Amino acid sequence: MTRTFQTTAFLVALTALPVFAAESEPRVPVEPVSLSDTTTTGATLTVTEPFRVAVVAPAPRRGTMLPMLYVGLAGLQAYDAASTLQALGRGATEANPLMRGAVKNPAVFIGIKAGMAASTIMMSERLWKTNRRTAAVVLMVASNVLYSAVAYNNANVLRTLR
């Protein structure tokens, strides 16, 4: 289980790394051009850099599914943090060896959970904006399924501790 978690965390971290293009735009030498307006001000304008015109297309509508998955993940992470702290208060122990040290300080534990949710949402947003929309949705669905299983387990542990 630990190797699976470590491998998954490593792969998720790799997908979060920014990718930069190796090529840059070629520089084209441009001769200076002088434009003069003698009718009103007599000003002269010298252009030494090429003009670049950018056409900005409106972003495609994302609908409601991805934002709903974001809210679901945030809710599941919040429930996981709250139920874990509640179970620890009733005498349970943390099953995840990577989180055992963090649960000793609730503020650190909640910060880690918030960071995990935020980083997953940010990765999904990056995928969406780079036209990998299916991957963005798959990432969020997989994250929600994973944390639903964690929430279900926490609910069962809390039920047995009553």
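Where residues in region 50-70 are part of a helix (DSSP H, G or I) and surrounded by 13 or more Cβ atoms within 10 Å (Cβ to Cβ), which of them is modelled with the lowest pLDDT? Before the answer, list the steps.
Step one: list which residues in region 50-70 are part of a helix (DSSP H, G or I), which gives 65-70.
If we keep only those that are surrounded by 13 or more Cβ atoms within 10 Å (Cβ to Cβ) too, we end up with 66, 69-70.
Numbers: LEU66: 92, LEU69: 95, TYR70: 96.
Per the criteria, the residue is LEU66.
Mind listing just one residue for me: the one in region 74-98 that is among the hydrophobic types (A, V, I, L, M, F, W, C) and in a loop (DSSP other than H, G, I, E, B) and, of those, nearest to ILE121 (Cα to Cα)?
As a first pass, look at region 74-98 and keep what is among the hydrophobic types (A, V, I, L, M, F, W, C): 74, 76, 78, 81-82, 85, 87-88, 92, 95, 98.
Keeping just the survivors that are in a loop (DSSP other than H, G, I, E, B) gives 92, 95, 98.
On the way: ALA92: 30, ALA95: 25, LEU98: 22 Å.
Filtering first and then ranking leaves LEU98.
Given the options LEU73, LEU88, name the one that is surrounded by 15 or more Cβ atoms within 10 Å (Cβ to Cβ), over 13 Å from ASN144 (Cβ atoms) and of a type in the set (A, V, I, L, M).
On the way: LEU73 fails: over 13 Å from ASN144 (Cβ atoms).
Answer to the selection: LEU88.
What are the pairs with Cβ atoms under 6 angstrom where one residue, in region 92-109, is surrounded by 11 or more Cβ atoms within 10 Å (Cβ to Cβ) and small (Gly, Ala, Ser) and the other, located anywhere, is outside any loop (DSSP other than H, G, I, E, B) and modelled with pLDDT of 90 or more? Sequence gap at least six, or different chains.
Matching pairs, first to second residue: ALA92/VAL157; ALA102/VAL108; ALA102/PHE109; ALA102/ILE112.
Just checking, which of ASN131, ASN153 is more than 19 Å from ASN96 (Cβ to Cβ), polar (S, T, N, Q) and modelled with pLDDT under 95? Spell out how you get there, then give the answer.
Numbers: ASN153 fails: more than 19 Å from ASN96 (Cβ to Cβ).
After ruling out the rest, the residue left standing is ASN131.
Of all the residues that make up region 99-116, how many are over 21 Å from the mean Cα position of the chain (by Cα) and part of a helix (DSSP H, G or I)?
Counting residues in region 99-116 that are over 21 Å from the mean Cα position of the chain (by Cα) and part of a helix (DSSP H, G or I) gives 5.
The values are calculated or read from the model by the stated rules, or taken from the named source; none is laboratory data. Treat the numbers as computed from the prediction; the structure is a model and nothing was measured. Don't worry about glycine lacking a Cβ; one is built from the backbone with ideal geometry, like all the others, and counts go over all protein chains shown.
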